[in-house]
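Accompanying notes for the structure given below.
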Amino acid sequence: MKTPSLFRLAVILAIVVALFAGRALAADTSAMPAIVSNETSTQRDARMKWWREARFGLFIHWGLYAIPAGTWQGKPVAGIGEWIMNRGKIPVADYAKFAAEFNPVKFDADAWVRLAQGAGMKYIIITSKHHDGFAMFRSAASPFNIYDATPFKRDPLQELADACRKHGMKLGFYYSQAQDWHHRGGAASGGHWDKAAQDGDMDAYLHDIAVPQVKEILTKYGPIAVLWWDTPTDMTRERADLLAPLIKLQPGLITNNRLGGGYEGDTETPENKVPATGYPRDWEACMTMNDTWGFKSYDDNWKSGEKLIRTLIDIASKGGNYLLNVGPTAAGEIPAPSVERLQQVGVWMKRNSESIYATTASPFRRLEWGRATRKSGDAAAGRPGKLYLNVFAWPKDGALIVPMRGTAKKAYLLSAPSVALALTPSPAGLRVTVPAAAPDPISSVVVLEVAGPIDPLPPPPITAGGDGVIALGCDDADLSGKALRVEGNTQLNLTGWNSVESYAQWDVRIERPGTYRIAALYAVPSGQGGSDFNVTVGAVSLATKTEVTGGSFKSVVLGTVRVEETGPTKVTLRPAKISGAELMRLRSLTLQPVATP
Ligand code: FHN
C-alpha cells in the first residue's frame, strides 16, 4: 500500500459519511447491504443454480489490441495478443491512437449470441475493459471508450445485452479492476513503462475510473449474471473494499476469485488448464482456442474441435464449467477457425448435451476409456439416477467395463434410448455390451440408469510394466491433507504440499521381490530445497531430502529399497520437514528393479 494521500483520506471520509447517511458510496448504490454477506448455503445454492447447470460459456476478449493484432512497428510482439501494449512497451499516447482507427462495423451481437447458443453455451462473458484501459462501452468515467473515442459510435455491450436478452442467454462482464495501462495510477504488471503518462495514485484511479465504471456496467445493461474480475495487481484489502460492495448492484450476481484483497468470490478460475481432480468449490476453467485471448493475426495454433469437445466433457466430469474464449477481429468478426470449431462443438452438443448440462462430477477416479458425469434421481418421482459414460476409446471387443458394483437397472446409447444394452456383472465391474462401432468418433454417450448409490470399485493396484518398472503417476495417488492436489493440463503434477500431514499413497502390486531404485520426477524452486521426506514401500522406508531443480522438473534418484514381500502393498510419499513454501511439485515416482549379480 502506498502512503495515504490526501485524496485517499478524502475517499475514506466520503465512504464513512455515505455509510452514516444510510447509503454506500453513492446514491445509485443505496440498496447495498453490508459488505459481508449473510447468505445461507441454501440461498447460495439458489444463486449458483443456473451457473452450475450451464457448464459451458463463451469468453470474449475484444478491444483495441485487435488492431495491432500481435504486430507493433512491423515486428511481431511475443505473448498473448491483448498484452501487446505492455509487452511492446507502447507509449500510452501511441496506443491510444488505435482508437481513431477502431470501426468494427461487422460486429453483429445477434450473430455472436446465436453462435454461442448453437455451440451449446449458456452464458457469455465479454471484456468490458481489459488491462489496456479501453472501455468497450459508453462510459462517463473516461472518454477512452468505444463510443466516444472511435468512429464506431456504438455501444457493443448494449447491443450484446439486448441480443442476450432476446435469446435467453446469460451475460457477464469481465472488468480489469487493478491493471489499467492507460489511466494514471492504474497498476501494471512489471511496472509502468511510460511513467510520464502512467504514474499516479492507484487509489485515485480506483475512485475515478474503476469504481464508476463498475457501477456503469452493473447498472446500465439490465440483468448481469457474472462479474469477472482479473489480475489483482497491487490490490490491497482496502482497495478491494471499494469495489466489493458494488456487486450488490446486481441481485444474484456471481463473481470470480480474482478481485484480490482476500475476497474469495464464488468461483475458482484455473486458467488454460483442467485440474486433474476438480476443486472443492465451484470452478470454471477459462481456456483459449489457440494461444491468445485477444486477436493475434498470425496465431494459428488452433485446438481441434475434438480437443475442445473432450475438454468440455473432462471439465464437466470433474464438476466444473468451461469458459471457452474467442478473440474477435478489429472489424468485429469472430475469426473463422473459432466459428468452425464452435459449430463443431454445437453438432456434438445437439446430440449429447444431456450428458453435460446440470450434471455433477464423476464418481470414478479414473476411467480407462473416457469420462463420466452423473445426475441424481428422485425415487419418489420415479426418476432414476443416471450415469453418463462419455466413451472416447470405444471398446474393440464390444464390452465396456464400468468399474462399479452392480446397481444399474438399464443401459442404452444416448443416441438410441429405446435399444437396451445388456448388462452383466464381472469382477472388474459392470459389463455393458455395446455395438461394434462407436456411434460418435469423438465421444459416444452410454447412459446407465442406476437404482441406488453408485459404488465404484477401487482402481486395480499398479503393477510393473513390461520393463519391470513400477511407474506411479501423480494422478494415480490417493491424497491426504487439505491443500494437496493434482494440477496441470497434459503435464500433471502434485502440488500444495505444505504440511507434514499431507501425503500421497499408491496401491501397487509387487510381483517380484528384490532391490528397487526409487526415482522421483519433481520440481523444487531455488532456495527451497533440503526438505526431508520419506518414501515407504510396504514396511521399508527411505529417508531423503529434496534437491533444488531450479523450478523445472528433473528426475532425481532417491535411493534403493529392498522389498521381500510380493503381493498388494502401499507406496507412500510423506514429508517430514518442509523448508520453503512446499515440499515439491511431483510428477511421478518410479520403482526400478536393480539387477543383482
Ligand atoms: O492478463 C489476463 C489475460 O490477458 C487474460 O485476460 C486472462 C483470462 O483469464 N486473464 C489474465 C491472466 O490471468
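A few remarks follow.
- Inspection of the stretch 311-326 identifies at least one residue that is among the small types (Gly, Ala, Ser) and within 15 Å of the ligand (Cβ to nearest atom).
- The set of residues in the stretch 120-132 being away from the ligand (no atom under 13 Å from the Cβ) and not in a strand (DSSP E or B) consists of Gly120, Met121, Lys122.
- The stretch 255-267, subset among the charged types (D, E, K, R) and away from the ligand (no atom under 12 Å from the Cβ), residue farthest from Arg52 (Cα to Cα): Glu264
- Test for Ile126: is it in contact with a strand residue (DSSP E or B) (Cβ under 8 Å, 6 or more places away or on another chain) and closer than 27 Å to Ser353 by Cβ: yes
- When residues of the stretch 552-597 are limited to those that are within 27 Å of the chain's Cα centre (by Cα) and among the hydroxyl-bearing types (Ser, Thr, Tyr), the one surrounded by the most Cβ atoms within 10 Å (Cβ to Cβ): Ser588
- Here the condition is being outside any strand (DSSP E or B), within 24 Å of Val92 (Cβ to Cβ), more than 16 Å from the ligand (Cβ to nearest atom) and without any contact (Cβ under 8 Å) to a residue 40 or more places away in the chain; of Gly185, Gly191, it holds for Gly185 alone.
- Residues (charged (D, E, K, R) and touching a Leu at 6+ places or on another chain (Cβ under 8 Å)) located in the stretch 42-82: Arg55
- Every residue from the stretch 157-182 that is open to solvent by 40 Å² or more (accessible area, probe 1.4 Å) and assigned to a strand (DSSP E or B): Lys170
- The residues listed here are Ala399, Ala451, Ala438; of these, the one that is open to solvent by 60 Å² or more (accessible area, probe 1.4 Å) and not charged (D, E, K, R) is Ala451.
- Count - residues of the stretch 291-316 that are of a type outside the set (Lys, Arg) and open to solvent by 10 Å² or more (accessible area, probe 1.4 Å): 13
- Strands (runs of 3 or more DSSP E) fully within the stretch 482-580 counting 2 or more residues that are touching a helix residue (DSSP H, G or I) at 6+ places or on another chain (Cβ under 8 Å): 493-495, 503-510
- A count restricted to the stretch 363-393 and to residues that are in contact (Cβ under 8 Å) with a residue 24 or more places away in the chain, open to solvent by 40 Å² or more (accessible area, probe 1.4 Å) and assigned to a strand (DSSP E or B) stands at 3.
- The one condition from (1) within 16 Å of the ligand (Cβ to nearest atom); (2) touching a residue at least 12 places away in the same chain (Cβ under 8 Å); (3) of a type outside the set (Val, Ile, Thr); (4) at positive phi that Gly252 does not meet is (1).
- Within the stretch 37-89, restricting attention to residues that are in a loop (DSSP other than H, G, I, E, B), hydrophobic (A, V, I, L, M, F, W, C) and open to solvent by 30 Å² or more (accessible area, probe 1.4 Å), the residue that is nearest to the ligand (Cβ to nearest atom) is Ile80.
- Of the candidates Arg517, Arg512, the single residue that is touching a residue at least 60 places away in the same chain (Cβ under 8 Å), under 28 Å from Ala595 (Cα atoms) and exposed (fewer than 12 other Cβ atoms within 10 Å of the Cβ) is Arg512.
- For the stretch 90-101, a tally of residues being more than 16 Å from the ligand (Cβ to nearest atom), touching a residue at least 60 places away in the same chain (Cβ under 8 Å) and surrounded by 19 or more Cβ atoms within 10 Å (Cβ to Cβ) returns 2.
- Residue in the stretch 378-400 that is under 30 Å from Ala66 (Cβ atoms) and at pLDDT 95 or above present: no
The values are calculated or read from the model by the stated rules, or taken from the named source; none is laboratory data. Fair warning: this is a prediction, and the values are worked out from it, not measured in the lab. With ideal geometry, Cβ positions are generated from the backbone for all residues, glycine too; neighbour counts draw on all protein chains shown. Calculation scope for accessible area: heavy atoms of the full protein, side chains included, ligands and nucleic acids excluded. Shrake-Rupley method; radii C 1.70, N 1.55, O 1.52, S 1.80 Å.
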